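The values are calculated or read from the model by the stated rules, or taken from the named source; none is laboratory data. Given the structure is predicted, the values throughout are model-derived calculations rather than measurements. Backbone-built Cβ (ideal geometry, glycine too); neighbour counts: all protein chains shown. Heavy atoms of the whole protein, side chains included, go into the accessibility calculation; ligands, DNA and RNA do not. Shrake-Rupley method; radii C 1.70, N 1.55, O 1.52, S 1.80 Å.
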Amino acid sequence: MADQATAMPASPFNLEMLSRLNARQKLGAMAVIAFAIALLVGAWLWTKDPPYGVLFANLSDQDGGQIVTLLQQQNIPYKYSDRGGAIMVPVGQVHDVRLRLASQGLPKGGLIGFEVMENQKLGISQFAEQINYQRGLEGELARSIQTLGAVRAARVHLAIPKQTAFLRDELKPSASVLVSLQAGRTLDGAQIAGIVHLVSSSVPQLSPTSVSVIDQDGNLISQKNDSAKNAGLDANQLKYVKEVETQYQRRVEAILEPLVGKTNFRAQVAAEIDFSQIDQVAESYKPNPIPETAIRSQQAADSGVGNPPAVGVPGALTNQPPVPATAPITNPQVGGAGGGGNLNNNYTRSTTINYEVDKTVRHTRGGPGEIKRLSVAVAVNHKRGAEKDGKPGKATPPTAEELKRINDLVREAVGFSQSRGDSINVAAASFVAPEPEVIAELPLWKDPALIAFAKEMGQYLVFAIIAFLIWSKLLKPMFEMLAAAAHRVEAEENAAAELAEETADGHHARRGPSFDEKLKEARDVAHKEPKLIAELVKEWMGAGGT
């Protein structure tokens, strides 16, 4: 029976077999399993990089070197971004590392500000103090300019002459500003003027005209504002001109787009605008006298002896008041003989009439921004014929009637004024199709997506190889060894049970064997199955020890 038990094939290791192992074997198995799990977890963490976050970006070389040195000293993992423009650390440590570096004054921004004045030595010369102050002022101004959203970096250079007591030898300070702009960003006129006034207001006796601003390409961008000022122009005025031109251009586009299509015409408008403000005063006088002219004053004087002679036609009309004179000054004739009155050659009458002066005063003030002249140019594309056999049809220019209709529509859209000198030009032309942009094909082995996929698959492959090695070289042999030990224990238990059963049967048959018989039987079993007896003895010793 024992031989049959030992010859049976070993079954897979299971929990029932685990219960047959002793304490030492169980402890060893658990230690090996824990070690294998630790290896698998370590391999997984090694193949899967932890997520990294940006610690600092756009650092100077000096600040970047100091930060990397501190990260190495503190054993903090770090790496660079794909283009090397940022230092990255694990996401969970970003804020902690920033606070640690801030406590040590990093990053400094690559510029030295007024902190250079904090470590001055006793007995430093006045020249050195002036140099340190100038360096600190340049650094602070550069830091202020870098706060603008479009500015990536800035450098400020100040030329401050030495003060002198002689006015004829006095020199004014000047400044130069170099700005490096963000990709695709520009500075408008107001921002450039702000930089100029920021620098000029920070240095005594520095005029804004003595401040030069250049960009990273070496272009003098501060000259744009100066040229506009010298020409009598203003940024707001230039903006207004552009808005007026854009408004008229949109009118033309809105009326032509439904007729010829959005891509079949191009329109441009140039506006000449008068920003001068004119005050006019005009005075006009009407000729006198006229029937509506009012009499301002009238004076009559009579001199002589006797009664005034009768004048006029005898009758009822003579007693009526005289009709107003029609001349500024009237000298009536002295009456003579006639009508039968008495003659008196010594009587004189004089009358003076002053009329109001008719004057008109007109004040005229012209508002700025008046359009002096408009120039409109419209180009119309040739019409494409219907496609035949997959080939584009022949292009035909628009007829004279169609061009005239477009011209009339444009005239009405912009409010054409001949007295103002406006001009409109509508021309037909065949538009050239834009050439497709040729993008160089990226080699397959340089494709970023493919590289990332291959990297990820490589990580999974490495993890699979490590897991296979752990199973084949560690876990599988251990489980086979434990299964063999469990089978041996099972065989020993079966053999002991059979021996006990045979002994019990013999005892019932002949009242039980004697001591000598038992000893002889045990010797026979030991002779036939020495391994079985050895395992039994080991088991007894182990049971007795526990």
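Output the residue which, of all residues in the stretch 149-191 that are within 20 Å of GLN134 (Cβ to Cβ) and of a type in the set (D, E, K, R), is modelled with the lowest pLDDT.
Within the stretch 149-191, the match that is modelled with the lowest pLDDT is GLU170.
Counting only residues that are open to solvent by less than 40 Å² (accessible area, probe 1.4 Å) and in a loop (DSSP other than H, G, I, E, B), how many does the stretch 394-414 have?
Adding up the residues that qualify gives 1.
Take ALA175 and decide whether it is touching a helix residue (DSSP H, G or I) at 6+ places or on another chain (Cβ under 8 Å) and either in a strand (DSSP E or B) or surrounded by 16 or more Cβ atoms within 10 Å (Cβ to Cβ) (or both).
Answer is yes for this residue.
From ALA522, ALA504, ALA509, ALA495, grab the single residue that is more than 30 Å from ILE37 (Cβ to Cβ) and modelled with pLDDT of 75 or more.
ALA495
I want to confirm something. Restricting to the stretch 70-124 and keeping residues that are polar (S, T, N, Q), surrounded by fewer than 15 Cβ atoms within 10 Å (Cβ to Cβ) and assigned to a helix (DSSP H, G or I), which single residue is modelled with the lowest pLDDT?
Looking at residues that are polar (S, T, N, Q), surrounded by fewer than 15 Cβ atoms within 10 Å (Cβ to Cβ) and assigned to a helix (DSSP H, G or I), I get SER103.
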